[in-house]
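Got a structure for you, written out below as structure tokens; questions coming shortly.
FYI, it's all coordinate maths here, none of it is from the lab. Only a predicted model underlies this, so the values are computations on that prediction, with no experimental measurement involved. Neighbour counts run over all protein chains shown; Cβ positions are idealised from the backbone, glycine included.
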Amino acid sequence: MPIISAYTPHFGEEPVISGSRGAGNIFFGNCNLKCVFCQNYEISQSRNTENHKEVSFEDLADIMIELQNKGCHNIGLVSPTHFTPQILKSVYLAAQKGLEIPLVYNSNGYDSVDTLKLYEKVIDVYLPDFKWGDNESGKEYSKADSYFDFTKKAIKEMFRQTEGEVIIEDGIMKRGMIIRHLVMPNELAETEKVFEFIASELSPQVYVSLMAQYCPANKADDYPLISRRISAREYEKALDLVDKYKLTNCFIQELESSDNYLPDFNGNRENPFNNN
């Protein structure tokens, strides 16, 4: 059975995802990474069963319909990788009940190609993270073997499925892909290697979201190189790389955004991001 930690209209995604009525995000419990700085650690790594609720396939389908009925622009499947069979069955049930808004696959990028192929012609928008431009940092800070190599293959598969196509109607993405990249302190994310891959092996026209919201959450204080927020200069250097690699479709954040994206899954599961 799938495990749900929260579901809610969410207004903190990229503008073409959240729009004016919010993304209908469903936060699945647990995660296939163990990032030491994870801001969602209360649901991704906690053993506190109060943060997790096992639901039936039918219940998950009903949640999707409920979010659609609330006016959400899409259904955001957040950390879905490890519940793929359950999600696909629930999507099938939801479609029979009238689900028609786009499905957004919101993952950490550490997905297997075989798993992603199961979602072909099901997912409308891929929204992966591309956390690390080298395997060493991926192992040190996300406890993932070969993160860079693995994620490159996954993102190529997502790009193949969308055929590089982007459809935006009334300001909302109906089909396409947005690659998220979080700028880390001390340039540990190897942003240049990530952007070089996108520009040379995908397309400079791929939508990229360059995030400034890093905040040392979870166990980050135990790791000196990531125990602080990023500086203005570090974010400016990342923006310079956007220009260097001619990435023409890039969302950017204000440096102060790190204060705005910290959820509270322990104290406020109904509205962890304090959406109005």
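Modelled label-to-label distance, GLU58 and ASP243, 7 Å Cα→beta-carbon offset: nm?
Going from the GLU58 label point to the ASP243 one covers 5.9 nm.
Next question. Using Cα pairs closer than 8 Å and at least 6 residues apart in sequence, work out the relative contact order for the stretch 157-245, in percent.
Numbers: 101 pairs, mean separation 26.8, N = 89.
Worked out over the stretch 157-245, it gives 30 percent.
Based on the mean of other Cβ atoms within 10 Å per residue, sort peptides 61-70, 10-19 so the most packed one is first.
Details: 61-70: 17.8, 10-19: 19.9.
Going by the mean number of other Cβ atoms within 10 Å, highest first, we get 10-19, 61-70.
Only loop residues by DSSP count here, and only those with at most 14 other Cβ atoms within 10 Å; note down the GluC sites (Glu not before Pro) in the stretch 89-156 that meet that.
Details: sites: GLU100, GLU120, GLU136, GLU140; in loops: GLU100, GLU120.
Loop-located and lightly packed - GLU100, GLU120.
So who's got an amide H within less than 5 Å of the one on ALA6, skipping anything under 5 residues away but keeping other chains? H placed 1.01 Å off N, in plane.
PHE27
Enumerate the calculated ³J(HN,Hα) couplings along the stretch 196-212 in order (Karplus 6.51 cos²θ - 1.76 cosθ + 1.60, θ = phi - 60°), each rounded to whole Hz, writing x wherever the residue is Gly or Pro.
4, 4, 4, 5, 8, 10, 10, 6, x, 8, 4, 6, 10, 10, 9, 9, 10
Based solely on its DSSP helices, what 222 nm [θ] is calculated for the chain when runs of n ≥ 4 H residues each add -39,500 (n - 2.57) and the sum is averaged over all residues, nearest 500 deg cm²/dmol? List each step's numbers first, then the result.
On the way: 9 runs with 83 residues, N = 276.
Computed ellipticity for the chain at 222 nm equals -8500 deg cm²/dmol.
While we're looking at this one, here's another question. Which entries in the list LYS193/LYS246; LYS139/LYS246; LYS131/LYS193; LYS152/LYS193; LYS131/LYS152; LYS117/LYS139 go over 19 Å, if you measure between the two C-alpha atoms of each? Write out the running numbers ahead of the final one.
Working: LYS193/LYS246 14 Å; LYS139/LYS246 29 Å; LYS131/LYS193 11 Å; LYS152/LYS193 11 Å; LYS131/LYS152 11 Å; LYS117/LYS139 25 Å.
Check vs 19 Å cut-off fails for LYS139/LYS246; LYS117/LYS139.
I'd like the distance separating the alpha-carbon centroids of the stretch 13-42 and the stretch 82-105, in whole Å.
Using only Cα atoms, the two centres lie 17 Å from each other.
How big is Rg to Rh over the chain, alpha-carbon atoms, Rh as the Kirkwood inverse-mean-distance radius? Please list the in-between numbers first.
On the way: Rg = 17.6 Å, Rh = 18.8 Å.
Ratio value, two decimals: 0.93.
What list of ³J(HN,Hα) couplings, whole Hz, do you get for the stretch 94-107 from phi and the Karplus terms 6.51, -1.76, 1.60, once you set θ to phi - 60° and write x for glycine and proline?
Calculated HN-Hα couplings, in order: 5, 4, 5, 8, x, 5, 9, 7, x, 9, 10, 9, 10, 10 Hz.
Just to be sure I understand: of the beta bridges DSSP finds with both ends in the chain, what percent are antiparallel, rounded to 5? Please report the intermediate quantities before stating the final value.
Numbers: 11 of 34 bridges.
Among the beta bridges of the chain, antiparallel pairing accounts for roughly 30 percent.
Still on this structure, please answer the following. Run the simple label-point estimate for ASP114 and ASP149 please: 7 Å along Cα→C-beta, distance reported in nm.
With each label placed 7 Å out from Cα toward Cβ, I get 1.7 nm.
Moving on. Work out from phi, with θ = phi - 60° and the Karplus expression 6.51 cos²θ - 1.76 cosθ + 1.60, the ³J(HN,Hα) of each residue of the stretch 226-236, listed in order in whole Hz, and give x for Gly and Pro.
For the stretch 226-236, the Karplus-derived couplings read 10, 8, 9, 6, 6, 8, 4, 5, 5, 6, 4 Hz, x marking Gly and Pro.
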